[in-house]
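Working notes, beginning with the structure itself.
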């Protein structure tokens, strides 16, 4: 079962931003998208999934969002679901953290 994590931020992780954020970590990796861009996935050079990114949604009720995650930053306006495949060797979490740093957000586990 994958690990479900959330990116909380004020900036949406666009395709360009995702590629830029993880490009130095996985220069031989690729991005693919499914369902018209609704699911974006980072693959390593051998085609193994490292991180899946789902559509970003606005947060209407910060209190409810905060209650759904392990920890939350002081302020955020956007919620982006992400998953890391079961058995992650750390590269998926590292990629998610790089994306969070690029948008000035935070990655946290769902509760």
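None of the figures in this text is laboratory data; all of them are computed from the coordinates on show. As the structure is a prediction and not an experimental result, all values here were calculated from the model. We place every Cβ from the backbone using ideal geometry, glycine too, and count neighbours over all the protein chains shown.
Taking the average, over residues, of other Cβ atoms within 10 Å as the packing measure, peptides 30-41, 11-22 rank 11-22, 30-41 from highest down. Taking the helices alone, the chain has a mean residue ellipticity at 222 nm of -7000 deg cm²/dmol, built from -39,500 (n - 2.57) per DSSP H run of at least 4 residues and averaged over all its residues. Here the residues 28, 88, ranked from fewest to most Cβ neighbours within 10 Å of their Cβ, fall in the order 28, 88. Shape class for the range 48-95, computed from the alpha carbon gyration tensor (a ≥ b ≥ c): prolate, with a/c not under 1.5 and a/b above b/c. Computed from the alpha carbon atoms alone, the convex hull of the chain holds 97 Å³ per residue.
Ordered by the number of other Cβ atoms lying within 10 Å of each residue's own Cβ, fewest first, 93, 63 fall into the sequence 63, 93.
For the range 1-44, just say rounded, prolate or oblate: build the C-alpha gyration tensor, square-root its eigenvalues into a ≥ b ≥ c, call rounded for a/c under 1.5, and beyond that prolate if a/b exceeds b/c, oblate if not. Rounded shape, in that the Cα axes give a/c under 1.5. Sequence-distant contacts, meaning Cα pairs under 8 Å at least 6 residues apart, place the relative contact order of the chain at 43 percent.
To the nearest 10 degrees, how steep is helix 91-103 against the longest Cα principal axis of the chain, on a 0 to 90 scale? Helix 91-103 sits at roughly 60 degrees to that axis.
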